[in-house]
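J.: I'd like to ask you about the structure that follows.
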Amino acid sequence: MNKRTLLVPEQVWTDGETHRGWCVLVGGDRIAAAGPRQSIGDVSDCEVVALSGCTLLPGLMDLHSHLFLHPYNETSWDDQVLRESEAYRTALAVAHAEATLMAGFTTLRDLGTEGAGYADVSLKRAIDDGIVKGPRLFVAGRAIVATGAYGPMRRNYRTDCCFPQGALEASGVGEIVRAVRIEAAHGADWIKLYGDYRVGPNGETRPTFSQEELNAAVATAHDLGRPVAVHAMTDEAMQRAARAGVQTIEHGYAGSRETFALMRENDVAFLPTLTVSEALSEYFVPGESHPTESMQMAERGFRNALAEGVTIGCGSDVGPYPHGENVRELIWMARLGMSPAEVLLAATAVNARILGKKNELGSIKAAHLADLIVVEGSPPEDLSSLKNVRWVMKGGVRF
Ligand SMILES: [Zn+2]
């Protein structure tokens, strides 16, 4: 039997509150107790770990990642999909997963391998088996897109060649139902749909799936016990997704107050992905010193969501920017109007609720999984101290 561990930090932050003088007792893969030292009981058999000057927090979560992508200023998205083998991309993803864990992110929802098939399902298995280091993964396999709506865009290539696509194509109720079943059968924990994409005559973002198609996909996913995440940039696609009863909407840059109100009423959570907008703006508009149009849109959408009181989780769309820098998203959320405590809550307890895991993840409480991070300084007062992660514990194992 493993020895129990008593962690004695300067303070514990969990569920929106800072507790000075709290200790946390870990036994096996779970938290056995958390509270003032005298409340913990007999600890004579424990290894005691003193963590002076440090804050203990629940492991952070990022609910929108792409472990199988790397920054587009290194290799364009098209070239990653067309010129990098699945084996090479998996090798990269192993390194990305370790960098993410060591940065304090103990859980990721990875929303699509972008042309790397179901390698995410296997990566998750290798992490769970302890073969490689990485966060707990909730994976989506291949995203589902409307026929011709995704990349590599056929208009940019020879038309006599048949290029692999970055996601699974479907048209009509029959095909989208089939696509959802295929993803679930291959091990997808979540179903990821693209509600809109750059399909307009001049590459404008337009809704892709019809209301009928989305309704059918969601009904099928729910029959299979899988929640649904929808990429939606336009107000129309967001509304269709919200009416279809999806669980999360990603990006939402052009979301109106009315649409966020609809999301609130239908209990749809929002993942703002502010950092990817910043990263892509840097890559495509070098030297730009003021926020680009897309960043201003992302900010407007975020502020509308805040004003309407939608459930806002933390999801950054990491991959297009470097893995392990996920904390940039938290800093963006604070810059655009959330308090540090609200941001920390979004990245822990709120994200756990979105995943349907609030009884196991996201809080420092007895019986929860021991996913913890030790940070030098006090993140509830200064989020940038999250960059100083001393060590990470996942399921009671220290990394
Ligand atoms: Zn994404």
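The values are calculated or read from the model by the stated rules, or taken from the named source; none is laboratory data. Note that the structure is a prediction, hence the values are computed from the model and not measured. Positions of Cβ are backbone-derived with ideal geometry, glycine not excepted, and every protein chain shown enters the neighbour counts.
J.: Could you tell me whether the range 316-325 includes any residue that is within 16 Å of the ligand (Cβ to nearest atom), in contact with a Gly (Cβ under 9 Å, 6 or more places away or on another chain) and closer than 30 Å to residue 239 by Cα? Spell out how you get there, then give the answer.
T.: Our first condition is that a residue be within 16 Å of the ligand (Cβ to nearest atom); within the range 316-325, this holds for 316-323, 325.
Then drop every residue that is not in contact with a Gly (Cβ under 9 Å, 6 or more places away or on another chain), which leaves 318.
Narrowing further to those that are closer than 30 Å to residue 239 by Cα: 318.
Yes - at least one qualifying residue is present in the range 316-325.
J.: Do we find that residue 276 is part of a loop (DSSP other than H, G, I, E, B), within 23 Å of residue 65 (Cβ to Cβ) and touching a residue at least 24 places away in the same chain (Cβ under 8 Å) in this structure? Reasoning before the result, please.
T.: Working: part of a loop (DSSP other than H, G, I, E, B): no; within 23 Å of residue 65 (Cβ to Cβ): yes; touching a residue at least 24 places away in the same chain (Cβ under 8 Å): yes.
Considered against the rule, which asks whether it is part of a loop (DSSP other than H, G, I, E, B), within 23 Å of residue 65 (Cβ to Cβ) and touching a residue at least 24 places away in the same chain (Cβ under 8 Å), residue 276 comes out as no.
Every residue, every condition in (1) of a type in the set (Ser, Thr, Tyr); (2) touching a Lys or Arg at 6+ places or on another chain (Cβ under 8 Å), yes or no:
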| residue | (1), (2) |
| --- | --- |
| 291 | no, no |
| 296 | no, no |
| 311 | yes, yes |
| 320 | no, no |
| 346 | no, no |
| 349 | no, yes |
| 356 | no, no |
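J.: Taking the options 88, 72, name whichever one is surrounded by fewer than 24 Cβ atoms within 10 Å (Cβ to Cβ), assigned by TED's automatic domain parsing to the domain that holds residue 232 and without any contact (Cβ under 8 Å) to a residue 60 or more places away in the chain.
T.: 88
J.: What are the residues in the range 171-202 that are of a type in the set (Asp, Glu), surrounded by fewer than 23 Cβ atoms within 10 Å (Cβ to Cβ) and within 20 Å of residue 116 (Cα to Cα), if any?
T.: Listed by number, the list holds a single entry, 189.
J.: Okay, next question. Determine which member of the set 343, 350, 318 is closer than 13 Å to residue 105 by Cβ and either outside the structural domain of residue 260 (by TED's automatic domain parsing) or touching a residue at least 12 places away in the same chain (Cβ under 8 Å) (or both).
T.: Numbers: 343 fails: closer than 13 Å to residue 105 by Cβ; 350 fails: closer than 13 Å to residue 105 by Cβ.
That would be 318, the only listed residue that is closer than 13 Å to residue 105 by Cβ and either outside the structural domain of residue 260 (by TED's automatic domain parsing) or touching a residue at least 12 places away in the same chain (Cβ under 8 Å) (or both).
J.: Just wondering, is there one or more residues in the range 124-137 that are more than 22 Å from the chain's Cα centre (by Cα) and either surrounded by 24 or more Cβ atoms within 10 Å (Cβ to Cβ) or within 16 Å of the ligand (Cβ to nearest atom) (or both)? Steps first, answer last, please.
T.: Of the range 124-137, the ones more than 22 Å from the chain's Cα centre (by Cα) are 131.
Those left that are additionally either surrounded by 24 or more Cβ atoms within 10 Å (Cβ to Cβ) or within 16 Å of the ligand (Cβ to nearest atom) (or both): none.
No, that holds for no residue.
J.: Separate question: Quick check on the range 243-276: of everything there that is closer than 28 Å to residue 321 by Cβ and away from the ligand (no atom under 16 Å from the Cβ), which residue is nearest to the chain's Cα centre (by Cα)?
T.: Initially, the range 243-276 is screened for residues closer than 28 Å to residue 321 by Cβ, giving 246-256, 259-260, 263, 268-276.
From the residues that got through so far, the ones that are away from the ligand (no atom under 16 Å from the Cβ) too are 254-256, 259-260, 263, 268.
Values: 254: 20, 255: 20, 256: 23, 259: 22, 260: 20, 263: 19, 268: 15 Å.
Only one residue tops the list, namely 268.
J.: Only one of (1) on the phi > 0 side of the Ramachandran plot; (2) away from the ligand (no atom under 16 Å from the Cβ) fails for residue 364. Which number is that?
T.: (1)
J.: Are there strands (runs of 3 or more DSSP E) fully within the range 138-243 with at least 1 residues that are among the charged types (D, E, K, R) and at negative phi? List them.
T.: Details: elements: 144-146, 168-170, 191-194, 228-232.
Qualifying strands (runs of 3 or more DSSP E): 168-170, 191-194.
J.: Go through the range 287-315 and give me each residue that's surrounded by fewer than 18 Cβ atoms within 10 Å (Cβ to Cβ), more than 16 Å from the ligand (Cβ to nearest atom) and closer than 18 Å to residue 72 by Cα.
T.: 287, 288, 292
J.: Now, a different point. Can you find, within the range 218-241, the residue that is nearest to the ligand (Cβ to nearest atom) among those that are aliphatic (A, V, I, L, M) and either surrounded by fewer than 24 Cβ atoms within 10 Å (Cβ to Cβ) or not assigned by TED's automatic domain parsing to the domain that holds residue 182 (or both)? If you could, list the steps in order and put the result at the bottom.
T.: Here is the first cut: in the range 218-241, the residues aliphatic (A, V, I, L, M) are 218-219, 221, 224, 228-230, 232-233, 237-238, 241.
Adding the requirement that they be either surrounded by fewer than 24 Cβ atoms within 10 Å (Cβ to Cβ) or not assigned by TED's automatic domain parsing to the domain that holds residue 182 (or both) leaves 219, 224.
Working: 219: 24, 224: 22 Å.
My answer is 224.
J.: Right, something else. Does residue 394 fit the bill of being buried (at least 19 other Cβ atoms within 10 Å of the Cβ) and of a type in the set (Lys, Arg)?
T.: Numbers: buried (at least 19 other Cβ atoms within 10 Å of the Cβ): yes; of a type in the set (Lys, Arg): yes.
It is true that residue 394 is buried (at least 19 other Cβ atoms within 10 Å of the Cβ) and of a type in the set (Lys, Arg).
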